[in-house]
Amino acid sequence: MTIALLVPAVEAAAFTVGCALIHAQRRHTERLTGILTLVALVLVLGIVIMATPVDLLNVAAAAEATADFGD
């Protein structure tokens, strides 16, 4: 499975497991909701990092390297 297919699959699995946990433990939904929110934020961050073009990262690294020599 390629990385492009792995992230959405993990996201869907995490959502499904979270729904099952909330349904199974209705007394602790506030705590589980906080955990699921954290998991969702981590997955969104992973998607944003994967979607960042490599050229943009290279330009930022080159600008940082030249700024260090200018001092």
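The table below lists the values:
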read-out	value
Hey, ALA60 at pLDDT below 85 and either surrounded by 11 or more Cβ atoms within 10 Å (Cβ to Cβ) or touching a Pro at 6+ places or on another chain (Cβ under 9 Å) (or both) or not	yes
Looking only at the stretch 12-40, and only at residues there that are touching a helix residue (DSSP H, G or I) at 6+ places or on another chain (Cβ under 7 Å) and of a type outside the set (Ser, Thr, Tyr), the one that is nearest to MET50 (Cα to Cα)	VAL39
Within the stretch 34-57, tally of residues that are at pLDDT below 80 and either over 17 Å from the mean Cα position of the chain (by Cα) or in a helix (DSSP H, G or I) (or both)	5
Yes/no for ALA9 being touching a helix residue (DSSP H, G or I) at 6+ places or on another chain (Cβ under 9 Å), of a type in the set (Gly, Ala, Ser), in a helix (DSSP H, G or I) and at pLDDT 85 or above	no
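The values are calculated or read from the model by the stated rules, or taken from the named source; none is laboratory data. Since we're looking at a predicted model, the values are computed, not measured. Please note: Cβ atoms are built from the backbone with ideal geometry, for glycine as well, and neighbour counts cover all protein chains shown.
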